[in-house]
Each structure stands twice: as C-alpha cells, then as structure tokens.
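Colleague: A single structure is presented below for examination.
The values are calculated or read from the model by the stated rules, or taken from the named source; none is laboratory data. Every value quoted in this text rests on a predicted model; they were computed, and no experiment measured them. Positions of Cβ are generated from backbone atoms using ideal geometry, with glycine treated the same way; all protein chains shown enter the neighbour counts.
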Amino acid sequence: MWKWKKGSGDQQPNHNETLKDLMNKLSQSKDFMSYELEEPTNCVVSYFETMIEPKTINRLILPTLKRNALHSLEAMKNNIPVEGLAVTDDVNIIRHRFMQGHIIIQMKKSDKKVLTIPAVVAENRDVSIPEVEFSVVGPKEAFVESLDTNINLVRKRLTLPQLIVKEVNIGKLTKTRVAILYVEGVANEENVNTVEQRLEDIEYDQINDSSYITQMIADNSNSPFPQLLDTERPDRVTGSLVEGKIAILVDGSPHGLTCPTTIVEFFSASDDYFLPWHLASAFRLIRLFAVIFSVLSTPLYIAILTYHHEMIPQDLLATIVSSRADIPFPPILEVIILELTIELLREAGARLPMKVGQTIGIVGGIVIGTAAVEAGLTSNVLLIIVALAALASFTTPVYQIGNTIRLVRFPFMIGAQLWGLVGVSLVMAFFIAHLLKLRSIGRPFFAPIYPLRFRDLKDAFIRLPFNKQSQRPIQTRPIDSERFNQKRASEKRDIDE
Amino acid sequence: MNNTNKIPVPEHLLVTSTMVFLLVHSMQVGVGILGFEKYIAMDAGYDAWISILIAGVAIHLLLFMIYWILEANGGDLVSIHTSVYGKILGGLLNIGFSFYFLLLSLTVLRTFTEIIQVWVFPQMSVWMFALAYLLLAYYFITGGLRIVVGMCLLSVILGLPLLLFKFFPIQNGQVDNVYPLVDHSINEILVSAKTSTLSFLGFELLLVFYPFIKNAASSKKWAHFASFYTTMIYLASALVAFIYYSEEQLQFVTWGTISLWKIVDFPFMQRFEYMGIALWAYVVLPNICLGLWAASRIPKRMFNIKQKYILILYMVIVFIATIRIDDRNLIDGLNTFTNQIGFYFLMYIPVLFVLTWIMKKVRIANES
C-alpha cells in the first residue's frame, strides 16, 4: 500500500526519538487523550480513546489514583488492580505497547519513565458456524478474526502440553501477529524450521489475511494450485496437527493454514471423517469424479464435435446433431460464450450482496440459458454440460482449489481446439508435469500418487475405517508415526469366545 | 569389488529400487507395440508368439549381464567405458551411445507423429506438434529423473486399462489360430525372435541411470520383473492380433493394435482408436523424456558441461530431423535403421560383459 513511501522516516522506528517527540506525533490524532490528574496523585495519563476498554480506565485505574496518594510509578504498579503492568523508559517498547492499546502514565510530562497498563478493547465477532466449509454433522465452530480466540479454539480441542505455539510479527508496517502451531514429538522439526524460516523471510509492509501468507511462502508462487490448505474449521486444524502437520494462524484472518499438504487433501471434506467409511469413500470418489468432469467435459465436447464425430455412436449423434443443427458457431466459440456467461454469473454472484446475488443467479441462469438456446446461439446439450461442469466445480470442499479448477479448464479448451483429443492429452501431461514438480513446504505435492506411497493411500481417494488408520501419513514425515498400536487393535477373536 | 568409480548422486535425487520396474518397462513399451505384429509374423506366421518368448528370455540374459557389469564396476556407462577402453576409445563409444539414445527418441517422436497424421489429422503441421511435444518433454526433463519417473508411473497406470480393451477382438476371433502347430522351422522362429527383440529396446538405459537407484542391488528383481511384464504384454498383444486376423491379412495391417481398437464399442463411444492414440501420448512421453535425458546425461558426465545446454542442442536436432523426415518411406527407413543400430548395441552388451569379466580376472590375478 505504501510501498512507494519506502525509505521515508515515518514508518521506520527512529532510534533517536524521545518520548516527547512521540507524544507530539501522537497528539496529532483526534482520538489521542492525554490529561493531568492533580489531587491526590499527580500524574499524566495518555491513551488512544479508540483502542482501550473504557471500563478499565473508569472503574480500575482512575478510582485507584483518586483514592490513594501514590507518588511513584512503582507504587501505582503495586496498587492498580490490573495484570501486566510494567515500568519502562525504552521509547520503542512504549511506542509498541501504546499502539497496541496500553494506557501510559507518567509522573510529570517531561519524565522519561512510564507505567504501561494493558487495556486493549476486545472488539470481536463471536464464534459462529462455518459458512464456507459447512457440514451437517460434526462441530459447528469456525475461526474468527482474533488470533487469541483462534488459538483458544484449537487448544480447547487439543489439550496437550506438547502443543507448541510460536509467534512472529510480520509486515513492516502492520507487525501482524502470526502463530505457528505444531505438536512437539509428532511434527517433523525440519518442516517447522522451513515454515519458520520462510515466515521470517517475508518482506512486505502489510499482512491483511492468511491468504497473503499462502502466496508468500508458497514453494512455487507462479502455480495456480494453492500449496497450503486453508480452512475455517478448528477441528480440521487439530486433525492436521495430530497428523504431524503445521498450522499457521494469522491475527485478523478467520482462516487457518495447514501444511505440508497434498493435492488429494484438497478434495477431502471434514464430513468424510464424520460418516461411516464406505459412505465417506463413495462421496469422496464422487467429488474427484466431479472435478475431472468439470475440467474435461467441455474440452472433450470441443474435441469430439470438431474433429472426432465418428466417435459418437449413431443414436447419440442424432440427438447432438439435432440440437446443434441451427447453431451458427463452431463448438469452440459456442463453448467459450457459454463458459464466459457462467463465469460472469459466478463473479457477479460473488460480488453482489447475498440476497441480490441469489436473485441474479436464478434470473441469469434460467433466463439467459433458456434464451440462448431458443435464440439458437448455443445447443441445449452444451448448456447441460456447462451447467453440470459449473455445478461439479462447486463440490470441492476447499474454496481455493475450486478457483483453480475454474481457471484450469481454459487451457484444455485451447488444446482441444488445436489437436482434438491429443491436444487435451498434451495439456493434461503439462499439468501432470507441473503437479509432479510442485512441492508444499518442501514435501511433494502430488503424493501419495507420486512418490507412490501405498500407506498413505488409505486416506487419499478413499478413506478406510479408523481401525486401519494406525499410521500417520508419510507425507509429513512425522517423528512418531504411530497413531495407535495396530497389533492390539486388530486381535481377532474366534467364534463364540 | 571395485567401487572407486561410484558417482555421488545427492540423496534427494535418487529413485527407489521399485521404480526401476517403471523405468525399464516404460522404456521398452513405446510406439513399437502399436504395430509390431506384422513384422514378427512375417517370418514365423502364427508361431511368432514362441519367438516373443525366446526374445523375452534373451532380454533377461542381457539384463543379467548389464547388472553384472554395473555391479562389478559400480559406476555408469561412462566410467565403465573409460575403465575398460581408456579415455579416447571409451569416449568415442560413449558418444556413440549418446547418439543412439538420441536416435531412439527421434524415432519414437517421429513415428508417433506419423501415427497421428495417419489416423487422426492428415493435415496436421508436423513442426507445431513436434515443438509442443518437445517443449513438454523439456519441462519434464528439467525436473530431473524423479519427475520423469513420475510420468512413467502414470503412463503405466494409464496403459493398464488400454490392455483391457484387447478383450473386444477376442470375442470375435478364432482362438484355434494360435494352437501350437509349429509349422515353421526353428530358423524362421529364430529370425522372428530377432525381430521381436527389437521391441524390447530401451532397457540399456539402465547403464546410464544406475547411479540414481537407491539400494541398487535390490533393484535387480524389479528390472527382471519389468522385462517379464513387458514380454507378457507383447505376448498378449500378439496373441490377440493372431486370434483376430488371418495370416495373410496380418501382412496388410501396419498398426495392428490401433486397428483392433476400432472394434471397441460402447453405448456412448465408438472408434476407440482416437481415444487410444490420445492416451498413447502418455506412454510415448516417458520414452522420449528418458531417451533425451540419458542422451544428454552422457556428455555431461564426460565433459562436465551443463546438461541443460546439451539437452537444448539435442532437442533442436530432434526437432529439425522430425521436420525433415516427412515421408512414409523415410520414416520406415528411420525405423529400420534404428532397429539395426539397436540390434548392434544389444549385441555389444555381451562383448562388454566378456571384457569386464576378463578385466576383473586379470585384476584379481595381479593382486594375488
């Protein structure tokens, strides 16, 4: 935002600044309050009106100062019934605390020594139900914008002394608090170090959301595929932590990140663990099929109708030909018109307020779709395919990968137009190469397909029952890879014993 | 054993010994399998399936020799040649191998392009397709051997369902065609076996990527297993073709396997060969990638130049050659030429085996 201002003194901590300079600078703001108290305690109280909790100052600090005669900062420190008080004369610390919502008290205006009293106002959204990753069964909590609340949500579910929370401040201007969570003794130290190192290496002025972090610490920032999984469900984060993954929570963002991740993880929903394993596996397979359908259906339509109509059996050909008879465009143009319409609807629906968005979606979808077919601009077979493909792309449980799928099908269409099915194959091969090369925090992204890890296949395309999940995934290279003792769990009993 | 030649390859670039299965198998199966039936039936007729088995056994023998040579020397092709022949003669042979691998890639790419021209797009511009395919191969190869092996894995997985479609022609075929009548002389069967051996070309690459194998000793069984699997696939393809076609008809079918795909019939899809050829792009891709990788790896090992530069140079060569060879007869000639060269390189392996064996004996004698 203020990158052009780089180098000007205002944003850099000035090491020669005195407390007086600081106060002068702060007093330019309307919400800066500073006043002197006289009897019985002589002191100067300053704070940002908008940053502090009025209750703290009115009920705890001012009564104490007015009731007792306190003549030193130490005396105040001992008498004011608030925790976290500190006396300091370091301007940098004072500035930092002041900006975070501390009240500072000086004995005299010219004093260098101050008492800082934390009185941060906690304006937070309440923990509510997850909206993006909603599931019918299972917990209904979602992360909120406050880091402390989010860590609390995770800790509540994982009451372990081994759960380590490390914190770094990122962003030259915003100094955003970013927490790294992992379970000691399970998570691989190498992964933790990589994440920590990459977070510390970030050079940017502001971090507004966890998605900034996703893009900044990604192994390949030019990839359309997200390399960290973002979730708004605390239960999903704890699930990942227990598997030996690392979670990143960012202050001000209601989405946590987990890593290292794999491509198949993006197609697993938290529902998969709440349902019996056969149902869950079936649904997961349907989801994977939906993704493939969503990406390949329109390119195949283009390829087959443009070059390989011999492939369509006679009876089916009649249906398709009759629906395409009056269409003035070649398949590629027809597809692009319809795909762009769908993308337009989707984009408009995402930008508009919820109620208007729904209406526009229905009006746009039904009216434009029917009108386009009746006007003879597109065939209704294609309309069905495109609508189904759009629907299928919404089945992805993680929003980020849905966006990727949305974009990825366009190169396939170009390939199909160039060389038919062979073109589709070539584009697919290109994406396979890309996925094979891709890494998430240094761990292969295309696992467990390649490198082939049979052990991790138990929770990839299908989810086997919990009693078969005795090992943590190899992907994370956990220190302790055993979830439970498989031997004891699988002791078989004979009939009538 | 002399392990001083060992070439250090960083741990994270190694492939597991299981992956040798993929490497050997996917290099052996390429475009050849789409049209080999005609050539092996030329001499031995329906008895050619015996020839495939003989060829399979021969390949196992050669594989055994390659492993023996590699284990005795503990390096790769370049270091073995240098230690056996010295710098100059060894270097020449190395360059010969490098060109041979390049030739393999070129043949595969040109033949596959021809298949697409014949079966799908007669009007297709060869240079555009070759360029796209080579760029794709470049993207793979720059990822290193591990990424190429990943493609091998996917090509084997994608190739499996294609095998199932062999079931369709069997339904309409004459199974008694392949009853072992043996109405050809041993000589004819052996000539046919020589022809079939050529279908298995490519496993010599083991000589180059051997240092990249983790626990190389345990990879031996995987290499043999891969070769066995390839033999079985060839055998199955040949048998299906023999069941479906008559002996005379077989001589007029250039691409036996592709023609058989035409029989596949689903309620939603006919003329499966279009799909089959599109999927075959994945089977061909590892061939080209591995060939180019090995071809460019040899000069890197010899002269210590960056593999990237040699790769680009080789790709330009392949690209120009692909455009220049634009005639059915030339392509046929290219295939025949590659097969002949390939046969000599196969025959060279026993020679190298004997030389290494003598060297080892001499060394042991000297030491004692």
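Colleague: With the condition kept exactly as written, say whether any residue in the stretch A:152-164 is of a type outside the set (A, V, I, L, M), touching a residue at least 24 places away in the same chain (Cβ under 8 Å) and assigned to a loop (DSSP other than H, G, I, E, B).
Modeller: yes
Colleague: Sticking with this structure for a sec: Does A:F454 qualify as being modelled with pLDDT under 90 and within 12 Å of chain B (Cβ to nearest Cβ)?
Modeller: In short, yes.
Colleague: So, one more: Just name the residue that is nearest to the other protein chains (Cβ to nearest Cβ) out of those in the stretch B:230-288 that are under 22 Å from A:A303 (Cα atoms) and of a type in the set (D, E, K, R).
Modeller: Checked the stretch B:230-288; the qualifying residue nearest to the other protein chains (Cβ to nearest Cβ) is B:R271.
Colleague: If you don't mind, another one. May I ask you to say which residue of A:K109, A:K113 is in contact with a helix residue (DSSP H, G or I) (Cβ under 9 Å, 6 or more places away or on another chain), closer than 18 Å to A:S34 by Cβ and modelled with pLDDT under 85?
Modeller: A:K109
Colleague: Of the numbered conditions (1) β-branched (V, I, T); (2) over 17 Å from the mean Cα position of the chain (by Cα); (3) farther than 24 Å from A:A269 by Cα; (4) not in a strand (DSSP E or B), A:V137 fails exactly one; give the number of that condition.
Modeller: (3)
Colleague: While we're looking at this one, here's another question. Among (1) more than 14 Å from chain A (Cβ to nearest Cβ); (2) not in a helix (DSSP H, G or I), where does B:I33 come up short?
Modeller: Every listed condition holds for B:I33 apart from (2).
Colleague: I've got another one for you. Conditions first: (1) free of Cβ contacts under 8 Å to residues at least 12 places away in the same chain; (2) touching a helix residue (DSSP H, G or I) at 6+ places or on another chain (Cβ under 6 Å); (3) of a type in the set (G, A, S). B:S125 passes all but one, so which condition is the exception?
Modeller: In the conditions (1) free of Cβ contacts under 8 Å to residues at least 12 places away in the same chain; (2) touching a helix residue (DSSP H, G or I) at 6+ places or on another chain (Cβ under 6 Å); (3) of a type in the set (G, A, S), B:S125 misses (2) alone.
Colleague: Answer with yes or no whether A:I479 is part of a loop (DSSP other than H, G, I, E, B) and in contact (Cβ under 8 Å) with a residue 12 or more places away in the chain. Break it down into steps so the answer makes sense when it comes.
Modeller: Values: part of a loop (DSSP other than H, G, I, E, B): yes; in contact (Cβ under 8 Å) with a residue 12 or more places away in the chain: yes.
When the stated conditions are applied, A:I479 passes them.
Colleague: Another one. Can you run down the residue pairs with Cβ atoms below 9 Å, 6 or more apart or on separate chains, where the first is in the stretch B:7-26 and surrounded by fewer than 21 Cβ atoms within 10 Å (Cβ to Cβ) and in a loop (DSSP other than H, G, I, E, B) and the partner is of a type in the set (V, I, T) and modelled with pLDDT of 85 or more?
Modeller: What qualifies is B:I7/B:V78; B:L14/B:I213; B:T16/B:I213; B:S17/B:I213.
Colleague: Still on this structure, please answer the following. Kindly evaluate A:S221 against the criterion of being touching a helix residue (DSSP H, G or I) at 6+ places or on another chain (Cβ under 9 Å), under 15 Å from A:S440 (Cβ atoms), free of Cβ contacts under 8 Å to residues at least 60 places away in the same chain and not in a helix (DSSP H, G or I). If you could, list the steps in order and put the result at the bottom.
Modeller: Working: touching a helix residue (DSSP H, G or I) at 6+ places or on another chain (Cβ under 9 Å): yes; under 15 Å from A:S440 (Cβ atoms): yes; free of Cβ contacts under 8 Å to residues at least 60 places away in the same chain: yes; not in a helix (DSSP H, G or I): yes.
It is true that A:S221 is touching a helix residue (DSSP H, G or I) at 6+ places or on another chain (Cβ under 9 Å), under 15 Å from A:S440 (Cβ atoms), free of Cβ contacts under 8 Å to residues at least 60 places away in the same chain and not in a helix (DSSP H, G or I).
Colleague: Would it be correct to say that B:L154 is buried (at least 20 other Cβ atoms within 10 Å of the Cβ), over 14 Å from B:F36 (Cα atoms) and either free of Cβ contacts under 8 Å to residues at least 60 places away in the same chain or within 14 Å of chain A (Cβ to nearest Cβ) (or both)? Steps first, answer last, please.
Modeller: Working: buried (at least 20 other Cβ atoms within 10 Å of the Cβ): yes; over 14 Å from B:F36 (Cα atoms): yes; either free of Cβ contacts under 8 Å to residues at least 60 places away in the same chain or within 14 Å of chain A (Cβ to nearest Cβ) (or both): yes.
Here the answer is yes, as B:L154 does meet what is asked.
Colleague: With the condition kept exactly as written, say whether any residue in the stretch A:476-485 is surrounded by fewer than 22 Cβ atoms within 10 Å (Cβ to Cβ) and within 14 Å of another protein chain (Cβ to nearest Cβ). Steps first, please.
Modeller: At the first step, the residues of the stretch A:476-485 found to be surrounded by fewer than 22 Cβ atoms within 10 Å (Cβ to Cβ) are A:477, A:479-485.
Next, only the ones that are within 14 Å of another protein chain (Cβ to nearest Cβ) stay: A:477.
Yes, the stretch A:476-485 has at least one match.
Colleague: Any idea which residue in the stretch A:307-330 is nearest to the other protein chains (Cβ to nearest Cβ), counting only those that are surrounded by 15 or more Cβ atoms within 10 Å (Cβ to Cβ) and in contact (Cβ under 8 Å) with a residue 60 or more places away in the chain?
Modeller: Taking the candidates together, the pick is A:H308.
Colleague: Okay, next question. Would you confirm whether or not the stretch B:169-188 contains a residue that is crowded, with 18+ Cβ neighbours inside 10 Å, within 23 Å of B:A278 (Cβ to Cβ) and more than 14 Å from chain A (Cβ to nearest Cβ)?
Modeller: yes
Colleague: With more than 21 Å from the chain's Cα centre (by Cα), modelled with pLDDT of 85 or more, buried (at least 22 other Cβ atoms within 10 Å of the Cβ) and in a helix (DSSP H, G or I) as the only criterion, which of B:F112, B:F101, B:F140, B:F129 stands out?
Modeller: Only one candidate passes the filter, namely B:F129.
Colleague: Can you find a residue in the stretch A:310-326 that is under 28 Å from A:I263 (Cα atoms), in a helix (DSSP H, G or I) and among the aliphatic types (A, V, I, L, M)?
Modeller: Looking for residues that are under 28 Å from A:I263 (Cα atoms), in a helix (DSSP H, G or I) and among the aliphatic types (A, V, I, L, M), one finds none in the stretch A:310-326, hence no.
Colleague: Let me ask another. Restricting attention to the stretch B:132-143, does a residue exist that is within 14 Å of another protein chain (Cβ to nearest Cβ) and on the phi > 0 side of the Ramachandran plot? I'd like the intermediate steps shown before the answer.
Modeller: Going residue by residue through the stretch B:132-143, those that are within 14 Å of another protein chain (Cβ to nearest Cβ) are B:132-143.
Restricting the remaining residues to those that are on the phi > 0 side of the Ramachandran plot gives none.
No, because not a single residue in the stretch B:132-143 is within 14 Å of another protein chain (Cβ to nearest Cβ) and on the phi > 0 side of the Ramachandran plot.
Colleague: Just checking, does the stretch B:277-293 include any residue being of a type in the set (S, T, Y), crowded, with 20+ Cβ neighbours inside 10 Å, modelled with pLDDT of 90 or more and within 19 Å of B:L164 (Cα to Cα)?
Modeller: Looking for residues that are of a type in the set (S, T, Y), crowded, with 20+ Cβ neighbours inside 10 Å, modelled with pLDDT of 90 or more and within 19 Å of B:L164 (Cα to Cα), one finds at least one in the stretch B:277-293, hence yes.
Colleague: Testing A:S425 on (1) within 14 Å of chain B (Cβ to nearest Cβ); (2) in contact with a strand residue (DSSP E or B) (Cβ under 8 Å, 6 or more places away or on another chain); (3) crowded, with 19+ Cβ neighbours inside 10 Å, one condition comes back false. Which one is that?
Modeller: That leaves (2) as the condition not met.
Colleague: Do we have any residue at all in the stretch B:80-97 that's surrounded by fewer than 17 Cβ atoms within 10 Å (Cβ to Cβ), within 21 Å of the chain's Cα centre (by Cα) and not in a loop (DSSP other than H, G, I, E, B)?
Modeller: Among the residues of the stretch B:80-97, at least one is surrounded by fewer than 17 Cβ atoms within 10 Å (Cβ to Cβ), within 21 Å of the chain's Cα centre (by Cα) and not in a loop (DSSP other than H, G, I, E, B), which makes the answer yes.
Colleague: While we're here: Can you find even one residue in the stretch A:288-303 that is under 25 Å from A:P130 (Cα atoms), touching a Pro at 6+ places or on another chain (Cβ under 9 Å) and more than 14 Å from chain B (Cβ to nearest Cβ)? Spell out how you get there, then give the answer.
Modeller: Let us first name the residues in the stretch A:288-303 that are under 25 Å from A:P130 (Cα atoms), namely A:288, A:290-291.
Checking the rest, the ones that are also touching a Pro at 6+ places or on another chain (Cβ under 9 Å) come to none.
No, that holds for no residue.
Colleague: Another question, if that's okay. Residues that are under 28 Å from B:V284 (Cβ atoms), within 14 Å of another protein chain (Cβ to nearest Cβ) and at pLDDT 90 or above: does the stretch A:384-405 have at least one?
Modeller: no
Colleague: So which residues in the stretch B:4-50 are farther than 25 Å from B:Y210 by Cβ and more than 18 Å from the chain's Cα centre (by Cα), if there are any at all?
Modeller: B:K38, B:A41, B:M42, B:D43, B:A44, B:G45, B:Y46, B:D47, B:A48, B:W49, B:I50
Colleague: Would you list the strands (runs of 3 or more DSSP E) that sit entirely within the stretch A:66-118 and hold 2 or more residues that are in contact (Cβ under 8 Å) with a residue 24 or more places away in the chain and within 14 Å of A:I52 (Cβ to Cβ)? Write out each step before concluding.
Modeller: Working: elements: A:86-88, A:102-106, A:114-118.
Qualifying strands (runs of 3 or more DSSP E): A:102-106, A:114-118.
Colleague: Does any residue of the stretch B:15-34 turn out to be under 19 Å from B:F353 (Cα atoms), touching a Ser or Thr at 6+ places or on another chain (Cβ under 8 Å) and not small (G, A, S)?
Modeller: Start the filter on the stretch B:15-34 by keeping residues that are under 19 Å from B:F353 (Cα atoms), which leaves none.
So far as the stretch B:15-34 goes, no, none of its residues is under 19 Å from B:F353 (Cα atoms), touching a Ser or Thr at 6+ places or on another chain (Cβ under 8 Å) and not small (G, A, S).
Colleague: Okay, moving on. Within the stretch B:30-50, identify whether any single residue is more than 30 Å from B:Y245 (Cβ to Cβ), in contact (Cβ under 8 Å) with a residue 60 or more places away in the chain and of a type outside the set (S, T, Y), and answer yes or no.
Modeller: no
Colleague: May I pose another question? Scan the stretch B:326-342 and report the pairs whose first residue is within 16 Å of B:W127 (Cα to Cα) and at pLDDT below 90 and whose second residue is surrounded by 14 or more Cβ atoms within 10 Å (Cβ to Cβ) and among the small types (G, A, S), with Cβ atoms within less than 8 Å and a gap of 6+ or a chain change.
Modeller: Here the result reads none, with nothing in the stretch B:326-342 linked to a residue that is surrounded by 14 or more Cβ atoms within 10 Å (Cβ to Cβ) and among the small types (G, A, S).
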